[in-house]
Every structure is written in C-alpha cells, then in structure tokens.
Amino acid sequence: MVLEKLFNKCKRKPKTSNENSDDINTLMSEIDEVKKLIDTARCNFNNVTDADSIDYYTYILKAYQVRHDMLIKQLKASFV
C-alpha cells in the first residue's frame, strides 16, 4: 500500500473527509486490483509465443494501464 503511505504524508486533505473516505477506499482497492491484473497479464505475456496471444496481451496490458491511470487521476482529484 505505497499509495496509502504517500497520501497519508500528503498535506492536502480530502474535500470532505466523511463523504469521500469511502470513495477513496474504493479507489484504492480498485487500484490494487488493477495492479494485480497488470502483473498477471505481464506474466501471461511473457509466457506466450504465438502472434495472436502476443497481440491479445498487448491490448489487455494497455487497457489495464489506461484504467490504472484513470483511477490515479480520480484519486488525485479527491485530494484537491
């Protein structure tokens, strides 16, 4: 939970701590889940040899990375 430590040290506070705390926890758990999916997809990508599977995992990795970036932006927006 590196992100939790980072945001705990951050001087900015959530807009409304009571309302956003559940949203922040949800975002954090989604980010962790996407990280696991990225790791799994990378492992699978490294173990395939046929061109179709390589293309598939390339697209899957890109989709997970875009999702991860979007979740990080949402998390940062909740601390403005």
Among (1) open to solvent by 80 Å² or more (accessible area, probe 1.4 Å); (2) touching a Phe, Trp or Tyr at 6+ places or on another chain (Cβ under 6 Å) - the single one D52 does not satisfy | (2)
Checking D23 against (1) surrounded by fewer than 11 Cβ atoms within 10 Å (Cβ to Cβ); (2) modelled with pLDDT of 80 or more, the condition it does not meet | (1)
Which residue pairs have Cβ atoms closer than 6 Å, lie 6 or more positions apart in sequence or on different chains, and pair a first residue in region 58-75 that is more than 11 Å from V34 (Cα to Cα) with a second residue that is modelled with pLDDT of 95 or more?
-> I60/A41
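The values are calculated or read from the model by the stated rules, or taken from the named source; none is laboratory data. This is a predicted model, so every value here is computed, not measured. In this analysis, Cβ positions are derived from the backbone assuming ideal geometry, glycine residues included, and neighbour counts consider all displayed protein chains. The protein model used for the area step is the full one, side chains on, heavy atoms only, and it has no ligands, DNA or RNA in it. Shrake-Rupley method; radii C 1.70, N 1.55, O 1.52, S 1.80 Å.
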